[in-house]
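What follows is a short report on a single structure.
The values are calculated or read from the model by the stated rules, or taken from the named source; none is laboratory data. Just so it is clear, the model here is predicted, and its values are computed rather than measured. With ideal geometry, Cβ positions are generated from the backbone for all residues, glycine too; neighbour counts draw on all protein chains shown.
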Amino acid sequence: MVRGAVQNNSFDEISKFSVYSLDSQDTELSNSFKLQNGIQFLNATSNQAICLGNWLAHPNNVFEAIDLVNQDYKSIGKVIPTIATDSTFDSYLDAIVLKSIAVTGKKQLETIPGCVLSQTIPKYSSSTELTIKDALNIIDAYKSVGVDKSRVIIKIPTTWESMQASKILLLDHGVKSLATVVHSIEQAVIAAEAGCEYVATYVDPLQENLDLSSYRPTSLDTNYGYQITVKIHKYYKAHGIKSKLMSAATAGINTIWGLSGIDEMTLPGHMIHKMLSLPVPPEYELPVLKKTYTVAEGGDLLTFINDREKYYKSFRLNTEACERLEFANRIFDECNDKCKVLINSLLKEGGFIN
């Protein structure tokens, strides 16, 4: 049993069947759980919203990145913009965002044995070429601070085009990826076909995860995200798919109980505290999800990787999945813009620009 927890708590009991990762880039949080509770997470996941929160709380990460980018510019004789109206200022901001991701991720890697997961910009997910470029820019940023690509997994919002990028990144560049904001069987199928290391379903609505006060408990029978996650889990196990299924965006403890047995869970701090304080109710017989399923239970094998029209024809029939994917991508794109606004203000605060 982990220290400071109730006997037979949910965290300990579910850990017998599922691996845990931390849905945060906060090293203080991961170190706190390690020191106080003896918890070691495997990986640490991130996205534009998590980056924004981290940099607001720890602006020193951004200031470190600014110094490194300025050093890069000077080393190649590139002019550092001093005013926001400079024609090169946007690309300068982009460079600082990438370096900030790498600086933050490198620190988190010191607290975990696995990988840090960093997300490409969602608006690029409709373009294979732009997704590849963004992913490789992230890898290069990590390399520049001494982090090998073997310890970085690129999170990519899941579309037909972006999964072509995932396939190319793996085969041509040796870059591992996680297919994220998955809300449908079509996304899960194409992600597995692309060779994604991980596939992450969003279980509870994203807006409830962003604003926990809006969370309203629902039955697992009527929880769309839970049901699609179970469906994907059964499909993967029935067909021996190697991609690991990861549950994300879990706002309710009942979804955690109901997903015991899934390959991996990425958990925010508040959920971990809740799991440590609550036992598993007797009505949940762990693990709820088994490691093996028949084809009759998991469904017939599907393929979409080589047929864009077939993929979108099937995916667009699922209105709920389309709406959830669009909402998530919009939120993360907005957070990316807010990251740039924050960096702009820190540049002014630090006297880097007028």
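Would you check which residues across the stretch 41-57 are in contact with a Ser or Thr (Cβ under 9 Å, 6 or more places away or on another chain) and touching a residue at least 40 places away in the same chain (Cβ under 8 Å) and list them?
Within the stretch 41-57, the first condition is being in contact with a Ser or Thr (Cβ under 9 Å, 6 or more places away or on another chain), and the residues that meet it are 41-47, 50-51, 53-55.
Once the filter is applied, which keeps residues that are in contact with a Ser or Thr (Cβ under 9 Å, 6 or more places away or on another chain) and touching a residue at least 40 places away in the same chain (Cβ under 8 Å), the stretch 41-57 yields F41, L42, N43, A44, T45, S46, N47, C51, N54, W55.
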For the stretch 283-298, enumerate the residues that are surrounded by fewer than 16 Cβ atoms within 10 Å (Cβ to Cβ) and either hydrophobic (A, V, I, L, M, F, W, C) or touching a residue at least 12 places away in the same chain (Cβ under 8 Å) (or both). L286, K290, K291, T292, T294, V295, A296, E297
Would you confirm, using the coordinates I've provided, whether S184 is under 26 Å from S260 (Cα atoms), at pLDDT below 95, surrounded by fewer than 24 Cβ atoms within 10 Å (Cβ to Cβ) and small (G, A, S)? no
Restricting to the stretch 235-285, name every residue that is part of a loop (DSSP other than H, G, I, E, B) and either closer than 24 Å to V189 by Cβ or of a type in the set (S, T, N, Q) (or both). H239, G240, I241, K242, S243, A249, T250, L259, S260, G261, I262, D263
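Quick check on my filter: what residues within the stretch 274-313 are among the polar types (S, T, N, Q) and more than 25 Å from the chain's Cα centre (by Cα)? So that I can check it myself, show each step before the final result.
Within the stretch 274-313, the subset among the polar types (S, T, N, Q) is 277, 292, 294, 303, 306.
Matches in the stretch 274-313: S277, T292, T294, N306.
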Checklist (1) more than 22 Å from G269 (Cα to Cα); (2) crowded, with 20+ Cβ neighbours inside 10 Å; (3) in contact with an Asp or Glu (Cβ under 9 Å, 6 or more places away or on another chain) applied to Q227, failing item: (2)
Consider L302 carefully, then state whether it is more than 17 Å from T85 (Cα to Cα), surrounded by 14 or more Cβ atoms within 10 Å (Cβ to Cβ) and in contact (Cβ under 8 Å) with a residue 40 or more places away in the chain. yes
What is the number of the single condition among (1) within 18 Å of I154 (Cα to Cα); (2) of a type outside the set (D, E); (3) out of contact with any Ser or Thr (no Cβ under 9 Å at 6 or more places or on another chain) that A200 does not meet? (3)
Of all residues in the stretch 70-87, which are within 30 Å of the chain's Cα centre (by Cα) and under 17 Å from K348 (Cα atoms)? N70
Please work out which one of (1) crowded, with 20+ Cβ neighbours inside 10 Å; (2) in contact (Cβ under 8 Å) with a residue 40 or more places away in the chain is the condition Q207 fails and give its number. (1)
Looking at this structure, is I153 more than 26 Å from N31 (Cα to Cα) and of a type in the set (A, V, I, L, M)? no
